[in-house]
């Protein structure tokens, strides 16, 4: 038995020909669909990057208990279980988050692994530059980390001048080398994991030439995590840049399919092709992910599976499946049983006869909406309070994406009672805040059958109550902490009733948030608003309302932690997730006089 996982990051289902009419040239994805089972209703679970990978290892949801972070000491790891059973597992990847504090426990779970540097702002090649005049940048004072990442990315690109030197190509080279070396052997699993088509959309000229278009604006292949304020021509340009990178990914897929053909591996080798989440390219008036509701473009994922035990070429399956199903499927394929803590299901039964493995699926990000879908309706439950609290991290590995928890964060930690999946261990319980405030967006209900693009939120008390019941049941089945129920305004010990519905109560805010931002118009003295201290802005009810809607994480921050003279401009220099451009904020905060 052998298996290959080919995983992409931020791959959009709605831009692949097996799923939609698309501008993207990706013939190998069509070729893959003809050779495998295409999943119609495959959903993400925990997001974004490393939370999704924790689900792939553990087969259970991550986002209800902690934010982005490593595998925990009590976690079951599918690759490690395979390795302990004598099945060689190998990881080849250019995904930089594996190298960081919040990902460092994942790759050692494989028997062997190799990494290829240079994606995004990976601190790879050292080129020292003098400090910028304003003190930002290397050697400066208040370093703008986003500008630093972009500068590092430009340095990294200069070390990949050809397609052959691109980290994506080198990663696939390594995967093909593993196949060439081990194609005659048995009992192995190979995971080729590509960071692309994650932003920035870095490709060489041959791929850009596949999408000719007129554009004379600024270089734009790295949209921020924020509302769309750019002109349509710039938005369209970003879509073409993304399409070019997907076409490069398609070539990489083709190389893996060629290796399967070359060695006649279809008869005895499982092939799984997946992604962690999608990426918004202007849909719903947003870029990227995380700071807005998790619309279907982000969570309704492409998924292809070839299992030689069940065959199923050129077949489609409609059963509701999720990322948590990957670990049980891989273990069962190799004759091993999933652990009791795994919530996912073996997808073999779906391959055989499209059997339903679940009635509903949870998905979300720590501190954001908690969402549930039954395949037709999507219910996005927001917090009931502007504070977005209470919110807690439960962990024995207190690290964020690129840093450890600070002493201030850990000062008031308490021991939590064991959860059902912590192997009897008590974790740290740490009160926390999130940059994602679901309250600002409101609770949303969508009927995908009648509104597949999620443009018209539904107000239907009966449908909401049913979906709320599913949500509460799945949260209990996941042993979600009581604080999550309190944050969402859901009773912990009794079933929810009509008293707990939120769609109507939060509809005005939700509808306002879903409206696209208008084009920028002229306004006076935009710099004045940007230089007003934040505490002063928050004292003005009209400005506070704007900030709550546009920068919700500001009002969830303890005001005592905001220095009195910190201005919006200064905050934007260091803020990890800008919710919209400074120009648009200034236009709203300092309106044009009548």
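Please treat every number below as a calculation from the coordinates, not as lab data. All values derive from a computational prediction rather than experimental measurement. Note that we place each Cβ from the backbone using ideal geometry, even for glycine, and neighbour counts take in every protein chain shown.
Order by neighbour count: 334, 295, 74, fewest other Cβ atoms within 10 Å first, most last.
74, 334, 295
Normalised by the residues of the range 315-386, what does the relative contact order come to in percent, with Cα pairs under 8 Å and at least six apart?
Taking the mean separation of contacting Cα pairs over the length of the range 315-386, I get 26 percent.
Per the Cauchy relation, a quarter of the hull surface: what is the mean projected area of the convex hull of the alpha carbons in the range 445-514, in nm²?
About 5.3 nm², averaged over all directions.
Which log10 I(q)/I(0) values does the range 242-285 give at q = 0.17, 0.25, 0.30 Å⁻¹ under the Debye formula, counting every alpha carbon as one identical point scatterer?
Per q value, in the given order, log10 I(q)/I(0) is -0.64, -0.97, -1.10.
Among 297, 515, rank each residue by its count of other Cβ atoms within 10 Å, from fewest to most, as a rough exposure measure.
In increasing order of surrounding Cβ atoms, one gets 515, 297.
On alpha-carbon atoms, Rg over Rh for the range 363-513 using Kirkwood Rh?
That ratio equals 1.00.
The range 281-436: Rg/Rh from Cα coordinates, Kirkwood Rh?
The Rg/Rh ratio comes out at 1.02.
What percent does the relative contact order of the chain come to when contacts are Cα pairs within less than 8 Å and at least six residues apart? All intermediate terms of the calculation are to be shown ahead of the outcome.
Working: 1194 pairs, mean separation 116.7, N = 594.
Here the relative contact order equals 20 percent.
Roughly how many Å is it from the Cα centre of the range 203-254 to that of the range 326-395, as a whole number?
If we compute the Cα centre of each part, the gap is 32 Å.
Assuming a viscosity of 1.306 mPa s and a temperature of 10 °C, what translational diffusion coefficient in µm² per second does Stokes-Einstein assign to the range 1-128, Rh being the Kirkwood radius over Cα pairs? Show your work: numbers first, answer last.
Numbers: Rh = 16.9 Å.
It diffuses with D of about 94 µm²/s by this estimate.
Using only Cα atoms, what is the ratio of the radius of gyration of the range 54-118 to 2.2 N^0.38 Å?
After normalising by residue count via 2.2 N^0.38 Å, the value is 1.12.
Above 33 angstrom, tally the Cα pairs of the chain and express them as a % of all pairs, no decimals.
44 percent
Write down the percent of antiparallel bridges among all DSSP beta bridges whose residues are both part of the chain, to the nearest 5.
Values: 31 of 61 bridges.
Taking every DSSP beta bridge with both residues in the chain, the antiparallel ones total about 50 percent.
To make sure I understand, if each residue's beta carbon is the centre and we count other beta carbons within 10 Å, what order do 350, 590, 503 fall in, fewest to most?
Going from least to most buried by this count: 590, 503, 350.
From largest to smallest, what semi-axes in whole angstrom does the range 179-292 give when each is the square root of 5 times an eigenvalue of its alpha carbon gyration tensor?
Square roots of five times the eigenvalues give 35, 17, 9 Å.
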